[in-house]
Amino acid sequence: MNQALQQFLTDHPRLFVLTGAGCSTDSGIPDYRDRSGAWKRSKPILFQEFMQRAAVRQRYWARSFLGWIPFSQAEPGLAHFALASLEAQGRIVQLTTQNVDGLHQKAGSQQVVDLHGNLAQLVCQNCGEKESRSWMQEKIASLNPGIDQLTARPAPDGDADLKTDFSRIIVPDCPICGGILKPDVVFYGEQVPRPRIEAAYQAVR
């Protein structure tokens, strides 16, 4: 372990931890920016675009269908396990993550605030109905025969670099009200739910 980090942990027995994309890159989940902060690829989808344009949702779900497969199979890395170990020792008061991969929980951490949500769950933007990601994967596969035969390179947050005729993609609606289903994560241009922010601030205090 880095000597400066070891000394920091010795000097501060109670920790608030905030993690981001770099914590999961060793697990095979790509990040958005390089070391200087520049975008590695085009900027992520905006919430307003997703809600307003059916074509954007078709493109999103086709890519996300393929990207979810390696994303959901990712395993925690050394950093995830180290943080879970520190929590088990009573050292971590709260772990807040900007990641949506659930890898901290897979590693054993329990005091976790998913600041930006979790990609494994969906929520209807009309009635609030919750659905699992496995439900969406099955529906997309059944409505779009052959989509599971396409190949694409994994991209950040369960996305994938895919080129196809997105206009042919059929996107499932909410089974309760027919509304728009969206991953239960915070898109760019969307507000982080206030209770999550307050939980983080309270832990710091």
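Every number here is computed from the coordinates shown, using simple stated rules; none is lab data. This structure is a prediction, so every number in the text was calculated from the model and none was measured. Quick reminder, even Gly has a Cβ in these numbers, built from the backbone with ideal geometry, and neighbours come from all protein chains shown.
Worth a mention:
- Taking packing as the residue-averaged number of other Cβ atoms within 10 angstrom, the listed peptides 94-105, 142-153 run from highest to lowest as 94-105, 142-153.
- Taken as entire DSSP H runs, the helices of the chain never both span 18 Å or more between Cα atoms along their own long axis and average 1.6 or more on the Kyte-Doolittle scale.
- Using alpha carbons only, the radius of gyration of the chain set against its Kirkwood radius gives Rg/Rh = 1.00.
- Extreme residue, positive dipole direction of the chain, given options ASN126, SER72, GLN149 (C-beta unit charges): ASN126
- Reachable lysines, given that their alpha-carbon falls under 26 Å from the alpha-carbon of LYS43 and they are not under 8 places away in the same chain: LYS163, LYS182
- Kirkwood Rh and Cα Rg combined as Rg/Rh, the range 96-194: 0.99
- Mean-position separation - Cα centroids, the range 133-165 and the range 179-200, in angstrom: 23
- The packing ranking, built from the mean of other Cβ atoms within 10 Å per residue, places the peptides 20-28, 189-197 in the order 20-28, 189-197, highest first.
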